[in-house]
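The values are calculated or read from the model by the stated rules, or taken from the named source; none is laboratory data. Note that this is a predicted model, so its numbers are computed, not measured. Cβ sites come from the backbone with ideal geometry, for glycine too, and all protein chains shown count toward neighbours. These accessible areas exclude ligands, DNA and RNA; they are computed on the full protein's heavy atoms, side chains included. Shrake-Rupley method; radii C 1.70, N 1.55, O 1.52, S 1.80 Å.
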Amino acid sequence: MTKTYQGGVPLAEVVRSGFAESAHRGSIAVLTATGSMLVSAGDIESPIFPRSASKPLQAVGMLRSGLRLADPADLALVCASHHGEQRHVARVAALLAGAGLSPAALRCPPDLPVSEDARTTVLRAGGGRSRLQMNCSGKHTGMLLTCLAAGWPTDGYWRPEHPLQERISAAIEEFTGEPAVAVGVDGCGAPVLSASLTGLATAYLRLVSAEPGSVPRTVADAMRAHPTLVAGTGPTAYDSQFLAAVPGLLVKGGAEGVIAAALLGVGAVAVKVDDGAGRACLPALTAGLRRLGVTASIPPELAEPVVYGGGEPVGAVRALW
């Protein structure tokens, strides 16, 4: 029987007008630069679904299977949970067209942009949901291009038994150092493999510690060089903001309250918030980075997301450990 996640400890509290009105529980693993555990809280050994925090590892599997992209910006988009801004949609469309594919080849479901501004623009123009706008369309495009490069059928590329997904699964298990004890269907339709927080932090540390020019380092470097392609430019593009705020930091969030980050020569952090609240990830990750001695100027809206009342700041979401 698969061991289940046991839950965590209070990671962050929501303070309104000086009153703590709620709290988020969760778990966090903080590794040193050598991979040893510096500090942890909650359940860091049981499996969770990292969700989109797996994307850099999935990209490693794609590159190892033959994916070749002329522009590192395109690789950043393959790793992205993009917000559907024009730059994202146009770049995905160009990649597909360059391979002779149409958006209909994508398995990810049609969606509106994550970005409020982009979503408003689409709706005002009379548009609607599309596969290109879905935040995982870059990843799915990368999967399709990998199949073409490897000579694999594109039909069923999202199924766990497809050769592409088998290669991706092998990469994830290699970098986490753990067997995947559970395989689920992610929100975009692709497989999502389980890993512990310790395994996830270890994987990110291995990405940034890899030799320059190697496949894993190429993935990490592409994301760090093109932060706005990893999420976007809006106020909720947290991955992009962290990437831009801390030089050399590799970071990627996932649905249901997951985020992971690593910095060469410093260490790695992985967070899971029990109730899936992304707002609690931000102060928890910031606290983990501070434990590692990261002194870069992390924007206040990431370190302590603002709580509003009547349209004015009246409090914040604050780390509890």
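For this structure, a couple of remarks:
- Among the residues of segment 61-70, the ones that are open to solvent by less than 60 Å² (accessible area, probe 1.4 Å) and either part of a loop (DSSP other than H, G, I, E, B) or free of Cβ contacts under 8 Å to residues at least 12 places away in the same chain (or both) come to 4 in all.
- Search result, residues across segment 77-114 that are in a loop (DSSP other than H, G, I, E, B), in contact with a strand residue (DSSP E or B) (Cβ under 8 Å, 6 or more places away or on another chain) and open to solvent by 50 Å² or more (accessible area, probe 1.4 Å): Pro110
- On inspection, Leu38 passes the criterion of being surrounded by fewer than 24 Cβ atoms within 10 Å (Cβ to Cβ), in a strand (DSSP E or B), touching a residue at least 60 places away in the same chain (Cβ under 8 Å) and at negative phi.
- Where a residue in segment 206-219 is at pLDDT 95 or above and its partner, wherever it lies, is part of a loop (DSSP other than H, G, I, E, B), with Cβ under 7 Å and at least six apart: Val208/Leu264; Ser209/Leu264; Pro216/Ala210; Arg217/Ala210; Arg217/Glu211; Val219/Cys79
- Note on segment 165-186: residues that are in a helix (DSSP H, G or I), in contact (Cβ under 8 Å) with a residue 40 or more places away in the chain and surrounded by fewer than 19 Cβ atoms within 10 Å (Cβ to Cβ) total 1.
Okay, residues lined up against (1) of a type in the set (A, V, I, L, M); (2) over 18 Å from the mean Cα position of the chain (by Cα); (3) farther than 21 Å from Gly254 by Cα:
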position	(1), (2), (3)
Tyr157	no, yes, yes
Glu166	no, yes, yes
Ala170	yes, yes, no
Glu173	no, no, no
Gly177	no, yes, no
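- The set of residues from segment 295-305 being touching a residue at least 12 places away in the same chain (Cβ under 8 Å) and either closer than 21 Å to Asp43 by Cβ or surrounded by fewer than 18 Cβ atoms within 10 Å (Cβ to Cβ) (or both) comprises Ala296, Ser297, Pro299, Glu301, Leu302.
- Cβ-Cβ under 8 Å pairs, at least 6 apart or on other chains, segment 105-128 side closer than 23 Å to Thr228 by Cα and in contact (Cβ under 8 Å) with a residue 12 or more places away in the chain, far side hydrophobic (A, V, I, L, M, F, W, C) and open to solvent by 50 Å² or more (accessible area, probe 1.4 Å): Leu112/Leu123
- Leu11 meets each of the listed conditions (1) in contact with a Phe, Trp or Tyr (Cβ under 7 Å, 6 or more places away or on another chain); (2) farther than 29 Å from Met143 by Cβ; (3) not in a strand (DSSP E or B) apart from (3).
- Conditions (1) within 23 Å of Val273 (Cα to Cα); (2) surrounded by 18 or more Cβ atoms within 10 Å (Cβ to Cβ); number of the one not met by Gly189: (2)
- Candidates Gly232, Gly253, Gly189 - the one that is under 21 Å from Arg291 (Cβ atoms) and either within 14 Å of the chain's Cα centre (by Cα) or at pLDDT 95 or above (or both): Gly253
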